[in-house]
1. Filter the DSSP H helices in the chain by two things, a Kyte-Doolittle mean of at least -1.0 and an axial alpha-carbon span of 15 angstrom or more, and list the hits by number.
2. Multiplying the sequence separation of TRP182 and LYS260 by 0.36 nm and subtracting their Cα-Cα distance, what value in nm do you get?
3. Taking 1 over the mean of 1/r across every pair of different Cα atoms in segment 93-139, what Kirkwood radius in Å do you get?
4. Taking trypsin sites (Lys or Arg not before Pro) that fall in a DSSP loop and have at most 12 other Cβ atoms within 10 Å as cut points, what is the longest piece of the chain between them?
5. Which of these, ASN91, ASN39, ASN220, has the largest mean-square fluctuation under a Gaussian network model of the chain (Cα springs below 10 Å)?
6. Compute the Cα gyration tensor for the chain, then decide on rounded, prolate or oblate, letting a ≥ b ≥ c be the square roots of its eigenvalues: rounded whenever a/c is under 1.5, prolate when a/b is larger than b/c in the other cases, and oblate in all that remain.
7. About the Cα centre of the chain, what is the dipole size in debye to 20, counting +1 per Lys and Arg Cβ and -1 per Asp and Glu Cβ, all else neutral?
8. Using +1 at the C-beta of Lys and Arg and -1 at the C-beta of Asp and Glu, which of LEU207, TRP182, VAL270 has the Cα lying farthest in the positive direction of the dipole of segment 130-283?
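Readers should treat all values here as calculations from the given coordinates under stated rules, not as data from a laboratory. A quick note: this is a predicted structure, and the numbers were derived from the prediction, not measured. Virtual Cβ from ideal backbone geometry, glycine too; neighbours counted across all protein chains shown.
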Amino acid sequence: MGITHLTKASIAPAIAIFVFVFLIKQAVQSYRTYQENHNNNSTEKTTLVDVIRKTALLNLVSLALVIAIFLSTIFPYINTSQRFFGKYFYNVNSTFYIWYNSWEEAESGTRMHGDSKGYPQMPPEDIPSFQKYLREHTIQQIADRFLNGIDRVFYIAGQSYGYLKYIVLYLAAGIILSLIQWRNTLAIARQHWSALLFILLYFVSYLLLYAWYIPIASGNRFTLAQFVPVMFFLAVVLNTHQHQIEQANNQTSSKIMQRKGLALFYGLLVGMILFELYPILSDRILIVFAGT
């Protein structure tokens with residue numbers, strides 16, 4: 001995660017979500033252990049604090065180790081930021097630009113006053129911030145920025161290089177199999193609820209962040225940052241259902257149809273990729289601008 005942050009300083013929300021979900025999971029597990037202890041016939045009762053100390057301490061230490069490794073990896077960078085800009089996690093995009101209404105405002109604001117060389121030399125009341133944005137905008141304006149941004153994110157993805165159709169196909173196949181195997185789906189969801197909670201919060205959070213930032217800058221570089229995570233998650237969903245189909249003791253007609261349907265689905269994907277490969281490598285890669 002530290003190397004990811006050094007490459008592009010946008011991993012911080014994911015780390016915050018990870019810590020949040022991790023703590024929720026530990027709290028739930030500790031409470032369940034505490035309840036089980038008090039519901040059994042044992043004469044020795046323990047307090048919730050004792051349960052947390054016994055069951056969650058090691059996990060909390062591992063969490064602290066993850067955070068420590070992340071901070072130690074990026075320390076040279078954030079230490080330099082502290083010396084030059086006065087903040088360890090200084091970033092012009094997340095510190096200033098995100099609170100402007102347009103790129104033109106950013107250019108005539110902190111950018112013009114040297115925000116890339118040091119903290120901008122401006123009157124404090126003119127420096128954008130979360131508090132200043134809330135004071136100057138209505139709830140309706142904030143909601144419109146989110147809604148228009150989300151619409152723009154999907155429009156850009158739909159008008160782009162063609163990756164959206166693969167997400168749609170994988171998503172449709174995952175939903176269909178999840179509904180057909182709904183019992184297995186519920187069992188997996190109950191067993192891995194914390195992972196699913198993280199995935200939900202992760203993708204929703206980044207969608208909202210990208211939507212909010214659209215008035216300042218847009219393009220496929222934002223959407224494509226989540227393409228691999230989305231495809232990885234959907235591939236895991238399909239692989240899990242495929243494993244359930246192949247491991248079933250009774251190969252009913254429904255299971256056989258699902259197995260054949262998956263084979264047809266993967267064959268369709270391979271055909272689509274091969275069909276697109278030649279024009280991309282021979283023509284489009286030479287004429288389509290793919291920079292930021």
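1. The answer, listed by residue number, is 12-39, 57-85, 139-158, 164-180, 193-213, 227-247, 253-279.
2. Additional length available on full extension: 26.2 nm.
3. Result for segment 93-139 stands at 10.9 Å.
4. Longest stretch, sites excluded: 118-292.
5. Fluctuation is largest for ASN39.
6. Oblate shape, in that a/c is at least 1.5 and b/c is the bigger or equal ratio.
7. Working: 22 positive and 15 negative charges, 157 e Å.
Dipole of the chain, to the nearest 20 debye: 760 debye.
8. TRP182
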